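Chemist: Quick one: the structure is below, questions incoming.
We did not get these values from a lab; they are worked out from the coordinates using the rules stated. It should be emphasised that the depicted structure is a prediction, and the values quoted were computed from it without experimental measurement. Glycine gets a Cβ as well: all are built from the backbone with ideal geometry, and neighbour counts include every protein chain shown.
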Amino acid sequence: MDWALLAETGINGSLIGLMYSLVAMGIVLIYKSSSVPNLAQGSMTMLGAYIVLAYSSRFGAPIWLAIVLATLSMFGIGIAIERIALRRLAGRPIIMILMMTLGLEILLRAGSLTIWGATGRPMPIGISDDPLFLGALLINRAYAAGAAVAIVIFGLFALFFRTRMGVVLRAISDDYTAAWSVGISVERGVALSWAMASVVATVAGVLWASVQGVDQSLAHLLLKGVTVAVLGGMDSLGGALLAGLLLGIVEGIAGSYLDPLLGGASRDLVDAAMLIVTIMLRPHGLFGRHDIERI
Amino acid sequence: MMTETSPKPTKSAVLSLNNIEVVYDHVSLAIKGVSLEVPDGGMVALLGANGAGKSTSLKAISGLLVAERGEVRRGDIQFLDHNLRSLSPQRRVELGIAHVLEGRRVFEHLTPDENLIAASAIRSRHDMIRNKDKVYTYFPRLYERRFSAAGYLSGGEQQMLAIGRALMTQPKLLMLDEPSLGLAPFLVAEIFQIISQINREEGLSVLLVEQNAIAALEIVSHGYLIESGRIVMHDTAQALKSNPDIQEFYLGGAQAKNFHDIKHYRRRKRWLT
Ligand SMILES: Nc1ncnc2c1ncn2[C@@H]1O[C@H](COP(=O)(O)OP(=O)(O)OP(=O)(O)O)[C@@H](O)[C@H]1O
Ligand SMILES: [Mg+2]
């Protein structure tokens with residue numbers, strides 16, 4: 001094996017993995033606040049990308065402005081989704097809530113097909129196709145940018161969760177009845193987490209679209225997001241970041257070895273294996289919280 | 001003190017429950033016609049065995065029944081000038097009702113300091129800082145441990161944190177659900193002393209739910225006894241302490257004995273005083 005090629009595959013894999021983390025972080029944000037595994041996170045990512053295109057092509061906004069406007073719109077859409085679809089389900093069995101997010105997933109995907117059609121469109125955010133050179137290694141520029149943004153977003157959340165409002169959100173995720181008992185508006189906290197997840201979805205949507213274009217296949221990122229979120233422990237943003245890194249590296253390297261043998265499906269097989277093995281052997285994931293043991 | 005505009009102003013009461021009835025899941029009747037009063041600045045105990053309806057009564061007052069598909073189906077809950085029945089839990093906290101939950105329920109993954117910050121959601125930053133100082137003065141042990149995860153505190157420290165967290169909302173009425181649960185007797189004594197100190201110094205009214213009647217009757221002025229969802233006795237702490245049935249029941253004299261059996265109390269269940 002060529003070591004340089006292995007290193008190159010590993011590094012590019014880790015960058016792609018951090019871009020998966022962006023999708024996973026959205027899932028984690030919602031799961032932390034309300035224990036709802038959001039199966040619509042992939043199609044929210046897709047929707048974010050479509051809305052950016054809508055602002056830039058329909059209204060002719062420059063791309064950076066389109067991204068800002070789309071982010072704000074998605075913030076509102078996140079709040080609306082919680083308010084309209086989820087709040088009324090509070091206290092219902094989790095399976096009904098899960099099915100509701102699945103319904104949203106289908107709705108957003110089918111809705112986007114109706115409005116924007118199935119033709120893929122480019123997302124021109126001005127990242128050049130030329131690789132970066134790291135010594136002799138070729139690094140994909142778009143992946144590097146995506147990974148950097150993922151790390152910045154993670155850092156922003158780490159700071160946010162130290163603020164007063166962030167502490168309140170963490171309190172809700174610890175014990176919402178106790179949160180209620182001290183006057184915290186749990187519903188508003190959950191709505192905020194949907195809004196933040198929608199913002200992250202927009203960012204992920206733009207970055208992934210710059211790599212693979214805008215179409216409904218962006219919604220398939222749900223599978224990567226879920227795998228990474230489960231591997232990272234569902235309720236840990238840091239876990240999502242590191243699990244993305246891990247999955248990206250394993251996927252990249254396994255892919256480059258196994259693809260010739262398995263005909264291209266090896267990455268998905270690796271994902272499936274990681275997901276299933278994590279759930280079987282380590283349901284709390286790598287970094288999920290175990291309930292603190294009383295002393 | 002001003003007299004409240006309640007229909008029957010016996011004395012000035014911060015809280016009065018009038019014949020309330022609570023059902024869970026639309027069918028299961030948990031308390032039936034509970035009436036009680038907490039005088040302004042006073043301390044009152046609500047005593048009873050497992051499943052008697054103590055926690056349900058507190059949740060009816062704080063509004064936390066909604067989280068468990070429970071509902072007040074009949075009766076009035078009057079707090080100062082407000083009828084609470086239609087208000088959200090958050091609104092009731094804003095009005096000055098604090099409910100310290102059974103089993104402490106601290107935010108385990110937050111530090112004690114963050115627990116107190118989270119509990120100031122309805123107050124300004126300025127109030128938060130002042131209230132935190134106050135809580136740390138009452139509970140110096142929390143101050144020492146303020147930066148370690150609350151889940152790792154001892155049971156007594158968690159109870160202190162749960163009380164401190166309630167104080168952060170600046171309540172007028174502090175309701176405590178079995179604060180003595182699972183604590184060593186010396187800790188129970190210590191925590192109960194601090195509760196009466198807070199009652200004296202802050203002018204806070206206290207509604208104390210307990211199975212540990214002996215300890216509770218030491219610090220309250222009045223007590224209610226609840227059994228199978230009904231108030232079966234109401235008297236001064238002094239009288240309750242010397243009541244033979246209370247002594248027998250709570251000192252474990254007769255294992256099989258239950259307040260169900262005390263028929264004459266059930267008949268005069270009202271708080272006729
Ligand atoms: N969420 C619920 N759903 C249905 N029934 C409930 C619920 N919570 C309590 N009950 C029932 O209501 C009755 C009163 O319960 P409650 O918790 O108020 O008792 P308690 O006096 O606080 O008992 P303990 O001392 O064990 O805490 C019991 O019969 C109980 O089974
Ligand atoms: Mg109880």
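Chemist: Label chain A by shape, choosing from rounded, prolate and oblate, from the square roots a ≥ b ≥ c of the eigenvalues of the Cα gyration tensor; if a/c is under 1.5 it is rounded, and otherwise prolate applies when a/b is larger than b/c, oblate when it is not. Intermediate values should be presented prior to the final figure.
Modeler: Details: a/c = 1.69, a/b = 1.24, b/c = 1.37.
Oblate shape, in that a/c is at least 1.5 and b/c is the bigger or equal ratio.
Chemist: Okay, next question. To one decimal place, what orientation-averaged projected area in nm² is obtained for the convex hull of the Cα set of the stretch A:186-274?
Modeler: Working: hull surface 27.0 nm².
Averaged projected hull area, Cα only: 6.7 nm².
Chemist: Then there's this: Could you give me the radius of gyration and the Dmax of chain B, taking only the C-alpha atoms into account and expressing both in angstrom?
Modeler: When restricted to Cα atoms, chain B yields Rg and Dmax of 18.2, 54 Å.
Chemist: A follow-up question, please. Which value at 222 nm does chain B reach when only helices count, each DSSP H run of 4 or more adding -39,500 (n - 2.57), with the total divided by all residues and rounded to the nearest 500 deg cm²/dmol? Intermediate results must be reported in sequence, preceding the final value.
Modeler: Working: 11 runs with 97 residues, N = 273.
One gets -10000 deg cm²/dmol as the mean residue ellipticity at 222 nm.
Chemist: I want the local charge near A:ILE97. Using Cβ-Cβ distances under 12 Å, sum +1 for each Lys or Arg and -1 for each Asp or Glu among the other residues. If you can, show how the numbers build up before the last one.
Modeler: Numbers: positive: A:ARG87, A:ARG88, A:ARG92; negative: A:GLU82.
So the surrounding residues net to +2.
Chemist: Helix B:155-167: angle to the longest alpha-carbon principal axis of chain B, degrees 0 to 90, nearest 10?
Modeler: 90 degrees
Chemist: What percent does the relative contact order of chain B come to when contacts are Cα pairs within less than 8 Å and at least six residues apart? Numbers along the way, then the final one.
Modeler: Details: 505 pairs, mean separation 64.8, N = 273.
So the answer I get is 24 percent.
Chemist: Here's a follow-up. The stretch A:109-156 to the stretch A:31-99: how many Å between their Cα centroids?
Modeler: 19 Å
Chemist: Roughly what percent of Cα-Cα pairs across the stretch B:46-202 reach past 24 Å?
Modeler: Numbers: 4128 of 12246 pairs.
So the portion of pairs separated by more than 24 Å is 34 percent.
Chemist: Quick one: in the stretch A:1-134, what % of C-alpha pairs are over 25 Å apart? Display every interim value, and only then the final one.
Modeler: Details: 3704 of 8911 pairs.
Considering the stretch A:1-134, 42 percent of its Cα-Cα pairs are separated by more than 25 Å.
Chemist: Summing +1 for each Lys or Arg and -1 for each Asp or Glu, what net charge is found among the other residues whose Cβ lies under 15 Å from the Cβ of A:GLY252? Before the final figure, lay out the partial values.
Modeler: Numbers: positive: A:LYS224, A:ARG267; negative: A:ASP2, A:GLU8, A:GLU251, A:ASP259, A:ASP268, A:ASP271.
Local net charge: -4.
Chemist: State the dimensionless ratio Rg/Rh of the protein assembly as shown (Rg: radius of gyration of Cα atoms; Rh: Kirkwood radius).
Modeler: Checking Rg against Rh, the ratio lands at 1.08.
Chemist: If you don't mind, there's one more thing I want to ask. Starting from the Cα of A:ILE151, step 7 Å along the direction of its Cβ; do the same at A:PHE59; then give the gap between the two resulting points in nm.
Modeler: Inter-label distance under the simple model: 3.4 nm.
Chemist: Within the P(r) computed for the stretch A:9-83, what percentage of the Cα pairs occupies the region above 14 Å? Write down the numbers at each step before the final one.
Modeler: On the way: 1904 of 2775 pairs.
More than 14 Å apart: 69 percent of the Cα pairs in the stretch A:9-83.
Chemist: Related question: Could you pull out the longest piece of chain B with no exposed loop trypsin sites (Lys or Arg not before Pro) in it, calling a site exposed if DSSP puts it outside H, G, I, E, B and it has at most 12 other Cβ atoms within 10 Å? Show your work: numbers first, answer last.
Modeler: Details: sites that count: B:LYS11, B:ARG69, B:ARG268.
It works out to B:70-267.
Chemist: Moving on. Put one equal scatterer on each alpha carbon of the stretch B:122-210, apply the Debye formula with no solvent term, and list log10 I(q)/I(0) at q = 0.26 1/Å to two decimals.
Modeler: Here log10 of I(q) over I(0) equals -1.55.
Chemist: Quick one: net charge of B:LEU217's neighbours, Cβ under 13 Å, K/R +1, D/E -1?
Modeler: Numbers: positive: B:LYS241; negative: B:GLU210, B:GLU218, B:ASP235.
Spelling it out: positives minus negatives among the neighbours equals -2.
Chemist: Mind jotting down a quarter of the surface of the convex hull over the alpha carbons of the stretch A:184-226, in square nanometres, one decimal?
Modeler: 3.5 nm²
Chemist: Okay, next question. Check each of the chymotrypsin sites (Phe, Trp or Tyr not before Pro) in the stretch B:164-238 and keep only those in coil by DSSP with at most 11 other C-beta atoms within 10 angstrom; list them in order.
Modeler: On the way: sites: B:PHE186, B:PHE192, B:TYR224; in loops: none.
Sparse-neighbourhood loop chymotrypsin sites (Phe, Trp or Tyr not before Pro): none present.
Chemist: Another question, then. Taking only C-alpha pairs under 8 Å that are 6+ residues apart, what is the relative contact order of chain A in percent?
Modeler: 38 percent
Chemist: Testing the spin-label approximation: label points 7 Å from Cα along Cα→Cβ at A:LEU261 and A:LEU137. State their distance in nm.
Modeler: 2.4 nm
Chemist: Can I ask one more? Mind pulling the per residue volume of the convex hull built on the Cα atoms of the stretch A:132-190? Å³ is fine. Could you put the intermediate results ahead of the total?
Modeler: Working: hull volume 5.6 nm³, N = 59.
That works out to 95 Å³ per residue.
Chemist: Moving on to the next point. Students often get this wrong: which residues of the stretch A:148-172 have the backbone nitrogen under 19 Å from the point 7 angstrom along Cα-to-C-beta of A:LEU286?
Modeler: Under 19 Å, as judged by backbone N against the label point of A:LEU286, lie A:148-155, A:158 of the stretch A:148-172.
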